[in-house]
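Engineer: Can you keep this structure in mind? I'll have questions shortly.
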Amino acid sequence: MTVPRRYLIQTFGCQMNEHDSERIAGLLEQDGLVAATSVDDADVVVLNTCCIRENADNRLYGQLGHLKSLKESRDGMQIMVGGCLAQKDRDQIQSRAGYVDVVFGTHNVASAPGLLRRSVLEGPVMEILDEHEAYPSALPARREADHSAWVTIQIGCDNNCAFCIVPSVRGKEVSRRMGDIIHEVEELAKDGVREITLLGQNVNSYGRDLGVGQYRPEFSDLLRALDAIDGIDRIRYTSPHPKDFRPDTIAAMAECASVCEHLHLPLQSGSDRILARMHRGYTASRYLEKLRLARESMPDLAVTTDIIIGFPGETDEDFAATLAVAEVAQYDSVYTFIYSPRPGTEAATMIDEFVDPDVAARRMELLDEVVERSALAKHQARVGRVELALVEGPSKKDPNVWSARTGQNKLVHFSADGVNIGDLVEVRIEYAAPHWLRGVFVGKHSSARRARTRIAVTAL
Ligand code: SAH
Ligand code: SF4
Ligand code: F3S
């Protein structure tokens with residue numbers, strides 16, 4: 001009997017890459033490979049890469065250097081590089097790291113196992129396509145968790161944010177047919193999944209490229225249709241774009257009992273001048289107005305965001321405007337990024353206006369202080385409440401403690417016996433830190449669906 005080859009996938013970047021990795025795993029397993037537990041016992045190592053910021057690039061080449069020595073000491077070991085950085089760098093990867101066996105891109109995940117087989121016979125291979133060959137969700141997947149699943153509703157992006165490389169590595173925006181999404185979610189529910197996260201770069205423009213005759217599905221239609229599926233307790237989605245985030249989405253979120261009370265609405269900057277230079281298509285006041293309406297419709301809504309510091313030309317005054325918006329928005333959590341020039345993007349040409357790295361670092365500290373304050377206040381407001389949370393697994397720090405996620409997407413730690421991954425539990429919150437909560441186990445619960453609220457959302 002031959003021993004099956006073992007694979008290990010290391011994923012960098014966002015949820016789209018995480019989900020692609022699940023598909024790569026599914027495809028490799030279809031080809032007879034089995035999962036390895038670490039790089040040290042893997043015959044095939046796949047790096048699923050990201051290129052959103054420069055440090056993501058550097059990490060890849062650092063990791064490849066490490067794998068090179070492993071490969072030299074292990075007969076038959078193969079290295080595959082896929083994802084956004086592979087799509088961007090193409091043949092550069094094998095010219096910088098000739099020991100990489102397979103390079104594949106974001107549009108041909110389905111070919112990965114075939115390329116691997118070919119490389120055994122032919123040596124290093126590379127295949128990058130400029131458009132997708134199959135809608136990726138049609139591929140088999142080996143899900144990371146039994147109770148929770150990603151669902152792609154849209155690939156690519158038609159926006160042209162001046163800082164962003166995603167459209168050039170993920171292609172143009174294509175919505176997935178609503179019937180196919182519903183079918184997948186029904187199947188997931190039958191399989192025991194109770195939480196889904198809808199994925200797209202700009203989910204609010206979902207359906208813009210679909211529809212026949214009078215009917216064109218919108219994101220709100222999709223939310224309502226998925227909410228009606230039995231067994232799905234929680235629906236999350238990422239990311240909406242503020243310019244396309246409309247009252248119908250807010251109304252659907254408020255109405256649909258399974259849609260979580262969490263909104264991730266990327267701000268990027270609080271300065272209208274910078275937002276215009278970024279081509280974001282909204283102003284700070286318009287953004288805040290949408291946020292106000294969402295909170296009015298869903299009083300228990302948690303709000304998170306992404307902010308870029310030091311976009312070319314950002315002055316102290318521009319940055320002060322970002323701080324001011326962050327104060328008003330009172331975010332539950334913020335991902336703050338220092339601007340990183342990406343080759344081929346518009347902002348990367350504004351070299352004369354690049355912000356001094358020390359100035360950007362100082363601004364980041366100031367913003368983080370504001371964010372920590374609001375995050376802590378939001379978390380402290382949960383103390384004393386009983387929260388419904390979905391158990392994710394043992395805590396990373398202490399295996400005797402469970403970690404679970406509330407509807408607001410907050411991490412809560414608690415101790416209990418007889419609890420399993422995927423259980424819905426009630427936890428009374430006793431302590432709040434800026435990034436997590438701690439509580440006391442109250443009991444198990446059968447469904448996370450919120451009480452249905454009927455709210456008429458007026459036009460913006
Ligand atoms: N489609 C999502 C963003 C995906 S990228 C949206 O429109 O919101 C995730 C985040 O990375 C962005 O929100 C942005 O804050 C950050 N980002 C993207 N390009 C960047 C760059 N060149 N430098 C620093 N941060 C960047
Ligand atoms: Fe990038 Fe903008 Fe598209 Fe988001 S919406 S992926 S930031 S171009
Ligand atoms: Fe995601 Fe990074 Fe690609 S953020 S879309 S994996 S460039």
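The values are calculated or read from the model by the stated rules, or taken from the named source; none is laboratory data. As the structure is a computational prediction, the values presented were derived from the model and not from experiment. Heads up, the Cβs are rebuilt from the backbone with ideal geometry, glycines too, and the neighbour counts pull from every protein chain shown. For the accessible areas, the whole protein counts, side chains as well, though only heavy atoms, and no ligand, DNA or RNA atoms are used. Shrake-Rupley method; radii C 1.70, N 1.55, O 1.52, S 1.80 Å.
Engineer: Please list, in chain and number order, the residues 5+ apart from VAL151 or on another chain whose amide H is under 5 Å from its amide H, with Hs placed from the backbone.
Structural biologist: THR197, LEU198, LEU199
Engineer: Which FRET efficiency value, to the nearest 0.05, do you get for THR349 and LYS68 by plugging their Cβ-Cβ distance into 1/(1 + (r/R0)^6) with R0 = 41 Å?
Structural biologist: 0.75
Engineer: Okay, next question. Given the protein chains as shown and a 1.4 Å probe, how many square angstrom of TYR431 are accessible, to the nearest 10?
Structural biologist: Rounded to the nearest 10, that gives 100 Å².
Engineer: While we're looking at this one, here's another question. Taking amide hydrogens as modeled 1.01 Å from N in the peptide plane, which residues meet the under 5 Å criterion relative to GLY171, leaving out close sequence neighbours?
Structural biologist: Residues meeting the amide H criterion: CYS157.
Engineer: So, counting K/R as plus one and D/E as minus one, what does the shell of residues with Cβ under 14 Å around GLY156 add up to?
Structural biologist: Summing Lys/Arg as +1 and Asp/Glu as -1 gives -3.
Engineer: Turning to a different aspect of this structure: Please arrange ASP300, ASP57 by accessible surface area, largest first, computed with a 1.4 Å probe and ligands excluded.
Structural biologist: The most accessible residue leads, giving ASP300, ASP57.
Engineer: Could I ask something else about it? Divide by every residue of the chain the summed helix terms, -39500 (n - 2.57) for each DSSP H run of at least 4, and state the resulting mean residue ellipticity at 222 nm, rounded to the nearest 500 deg cm²/dmol.
Structural biologist: -10500 deg cm²/dmol
Engineer: Here's another thing I want to ask about it. Go through GLU296, GLU255 and list them by solvent-accessible area, largest first, probe radius 1.4 Å.
Structural biologist: Order by accessible area, largest first: GLU296, GLU255.
Engineer: Something else about it: So which aspartates and glutamates pass the test for LYS68, namely a Cα distance under 18 Å, with those fewer than 8 places away in the same chain ruled out?
Structural biologist: ASP40, ASP41, ASP43, ASP57, ASP91, ASP101
Engineer: Here is a further query. Amide H of GLY393 versus every other amide H placed in the peptide plane: which residues, excluding those fewer than 5 positions away on the same chain, fall under 5 Å?
Structural biologist: For GLY393, whose amide H was placed from the backbone, the distant partners under 5 Å are SER403.
Engineer: Quick one: divide the alpha-carbon radius of gyration of the chain by 2.2 N^0.38 Å and tell me what you get.
Structural biologist: Here the Cα radius of gyration is 1.00 times the empirical estimate.
Engineer: Further question: I need the shape label for region 1-115. Rule: rounded when a/c is under 1.5, else prolate if a/b > b/c, else oblate, with a, b, c from the alpha carbon gyration tensor.
Structural biologist: oblate
Engineer: Can you work out the accessible area per residue across region 143-260, with the rest of the protein chains kept in place, probe 1.4 Å, in square angstrom?
Structural biologist: Result: 36 Å² of accessible area for each residue.
Engineer: Right, something else. Leaving out same-chain residues fewer than 8 places away, which lysines sit with a Cα under 18 Å from that of LYS88?
Structural biologist: In chain and number order, the partners are LYS172.
Engineer: Charges on Cβ only, +1 for Lys and Arg, -1 for Asp and Glu, centred on the Cα centroid of the chain; of VAL125, ALA225, LEU323, which one is farthest towards the dipole's positive end?
Structural biologist: Farthest towards the positive pole: ALA225.
Engineer: Taking all protein chains in place and a 1.4 Å probe, what share, in percent, of the accessible surface of the chain do carbon and sulfur account for?
Structural biologist: After summing per-atom areas, the C and S share lands at 50 percent.
Engineer: Accessible area per residue for region 2-56 in Å², computed with a 1.4 Å probe and the full protein assembly in place, what is it?
Structural biologist: 40 Å²
Engineer: Which GluC sites (Glu not before Pro) does region 109-180 hold that lie in a coil by DSSP with at most 11 other beta carbons within 10 Å?
Structural biologist: Here the sparse-neighbourhood loop sites are GLU131, GLU133.
Engineer: Another question, if that's okay. Roughly how many nanometres apart are two label points built 7 Å out from the Cα toward the Cβ at ASP209 and ASP191?
Structural biologist: Here the modelled spin labels are 2.5 nm apart.
Engineer: On a straight-distance basis, which lysines could pair with LYS444 in a cross-link, Cα separation under 20 angstrom, same-chain partners fewer than 8 positions away excluded?
Structural biologist: Of all the lysines, those that pass the test against LYS444 - Cα under 20 Å, at least 8 places apart if same chain - are LYS410.
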